[in-house]
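All of the numbers you see were taken from the coordinates with simple rules; none came from a lab. Note that the structure is a prediction, hence the values are computed from the model and not measured. As a convention, Cβ positions derive from the backbone with ideal geometry for all residues, glycine included, and neighbour counts pool all protein chains shown.
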Amino acid sequence: QKMGAKFKAGLEKSRQNFQEQLNNLIARYRKVDEDFFEALEEMLITADVGFNTVMTLTEELRMEAQRRNIQDTEDLREVIVEKIVEIYHQEDDNSEAMNIEDGRLNVILMVGVNGV
């Protein structure tokens, strides 16, 4: 139970950090342009979002911004969240259910770009 609470606290810290980074990015770039998308890609990669996911997400955001004629980064914030949630809920054919059982050693390995 203690590990679960620690894990939850870590996830909450990660969520807050991600939200803060996104807020800073949107404050720094007022216009939706290629510079903004490059900075968004860098932010996502350093936040340990997988490379393929980052490329898919930013491409979808580019298309959505064009389709909705979004010019201001603040207006794109909601679309960013929508797309992240959409990707999160997609079924991944390569994913496997975690086989965690009480009474035995269960090892979970997490690897990130930052090495932490």
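At-a-glance table
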item: Residue among Gly4, Val85, Met43 farthest towards the positive dipole end of the chain, charges placed on Cβ; result: Gly4
item: Paramagnetic reach from Lys31 in the stretch 63-93 [backbone N under 13 Å; point 7 Å along Cα→Cβ]; result: 71-73
item: Nitroxide proxy distance, nm - points 7 Å out along Cα→Cβ at Gln90 and Asp102; result: 3.7
item: Expected 222 nm ellipticity per residue - DSSP helices of 4 or more, -39500 (n - 2.57), all of the chain, to 500; result: -22000 deg cm²/dmol
item: Distance histogram in 5 Å bins (all Cα pairs of the chain, percent per bin); result: 2, 9, 17, 21, 18, 13, 9, 6, 3, 2, 1, 0
item: Calculated FRET efficiency for the pair Glu78/Glu20, C-beta based, R₀ 22 Å, to 0.05; result: 0.80
item: Hz values of 3J(HN,Hα) by residue in the stretch 8-15 - Karplus curve (6.51, -1.76, 1.60), Gly and Pro given as x; result: 4, 5, x, 5, 5, 5, 5, 4
item: Magnitude of the charge dipole, the chain, Cβ model with Lys/Arg +1 and Asp/Glu -1, debye to 20; result: 600
item: Table column - 3J(HN,Hα) (Hz), the stretch 69-74, Karplus curve with 6.51, -1.76, 1.60, x for Gly and Pro; result: 6, 8, 9, 9, 4, 4
item: Interchain or long-range residues, amide H under 5 Å from Asp72's placed H; result: Val32
